[in-house]
C-alpha cells in the first residue's frame, strides 16, 4: 500500500544576493507513519563553483541542524513532527533553504527519501 508524503529539496545558496543555488538534500514528512527525516549530500566542488569563499564547515554544521530538527533535538523537542516540517520548509532568505513542497505516494518513506536524494541531489 502506498501512503502519501510531502517533501522539499534542501538548497544551498552561498551568496543570497546572487540567487544561485545547488540541491544539497531532501526533507520528507509522512504524517501517517510518523516519519520526518532529512538526508543531505553536500557536493563541495559544486558549492565552491558558486562561491569559492563559501564556509563549507559552517554549511555542513547548518545541514546537521536540519537532521537535529527532524529528530526533535534541542529547541525542536517541544513541537510536533508536522510543525517541525512546516518550520523547515518555511520561506527564508538564508544560505540554506527549502524549495517548494511536493507530494507523492510511497510504500516506505525511508526508501523513497533515498530515491529522491539520488534523483534530485546526487546527479
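Taken residue by residue, the stretch 16-27 has no member that is out of contact with any helix residue (DSSP H, G or I) (no Cβ under 8 Å at 6 or more places or on another chain), over 30 Å from residue 108 (Cα atoms) and part of a helix (DSSP H, G or I). Scanning the stretch 100-108 for residues that are free of Cβ contacts under 8 Å to residues at least 60 places away in the same chain, farther than 27 Å from residue 54 by Cα and assigned to a helix (DSSP H, G or I) turns up nothing. The residue of the stretch 86-98 that is farthest from residue 66 (Cα to Cα), among those that are in contact (Cβ under 8 Å) with a residue 60 or more places away in the chain and surrounded by fewer than 16 Cβ atoms within 10 Å (Cβ to Cβ), is 93.
All of 67, 108, 55 fail the test of being out of contact with any helix residue (DSSP H, G or I) (no Cβ under 6 Å at 6 or more places or on another chain), at negative phi, surrounded by 14 or more Cβ atoms within 10 Å (Cβ to Cβ) and at pLDDT below 95, apart from 67.
The values are calculated or read from the model by the stated rules, or taken from the named source; none is laboratory data. Fair warning: this is a prediction, and the values are worked out from it, not measured in the lab. Here the Cβ is made from the backbone with ideal geometry for all residues, glycine too, and neighbour counts use every protein chain on show.
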